[in-house]
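Just below is one structure, and these are the notes that go with it.
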Amino acid sequence: MLGEFWHGAIRAGHDPVTVTEFLALGIPILETETTIQAYAHLCAGLQETPSFKQIGQNDLWIAAVCIAKALPFVTWNVRHFQ
């Protein structure tokens, strides 16, 4: 997931120091079971939609973490998450 985040940050031209500082605010995921279940439910719910093939799997993992942790999902990626 962090690789996907960094990929987007690099493509957007964000300052690496700012990105590192932002990521330092993150919440470590020590318990993965709820995230894995959220990912599975998310994929199953989207699998038959055209959106499923457009959204990258790493982006779905990021969304799954937000669902599992009951955190807001904020993105500039309107192409995938419209």
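Couple of notes before you dig in:
- Based on protein heavy atoms only, the chain ends up with 76 Å² per residue of surface accessible to a 1.4 Å probe.
- Burial order of peptide ranges 35-41, 69-75 (average beta-carbon count within 10 Å, highest first): 35-41, 69-75
- Shown is the FRET efficiency for Ala40 and Val17, computed with R0 = 41 Å from the Cβ-Cβ distance and rounded to the nearest 0.05: 0.70.
- For the chain, GluC sites (Glu not before Pro) are listed when DSSP marks them as loop and at most 10 other Cβ atoms sit within 10 Å of their Cβ; the list is Glu31, Glu48.
- Cα long-axis angle, helix 33-46 against the chain (0 to 90 degrees, to the nearest 10): 60 degrees
- Shape category assigned to the chain from the gyration tensor of Cα positions, a/c cut at 1.5: oblate
- Here the sum of -39500 (n - 2.57) over DSSP H runs of 4 or more residues, divided by the residues of the chain, equals -19000 deg cm²/dmol at 222 nm, to the nearest 500.
- Share of carbon and sulfur in the accessible area of the chain stands at 64%, probe radius 1.4 Å.
The values are calculated or read from the model by the stated rules, or taken from the named source; none is laboratory data. Quick caveat, the model's predicted, so the values are computed rather than measured. Note: ideal-geometry Cβ built from the backbone for every residue, glycine included; neighbour counts use all protein chains shown. Side chains are part of the model used for accessible areas, which takes the heavy atoms of the whole protein and leaves out ligands, DNA and RNA. Shrake-Rupley method; radii C 1.70, N 1.55, O 1.52, S 1.80 Å.
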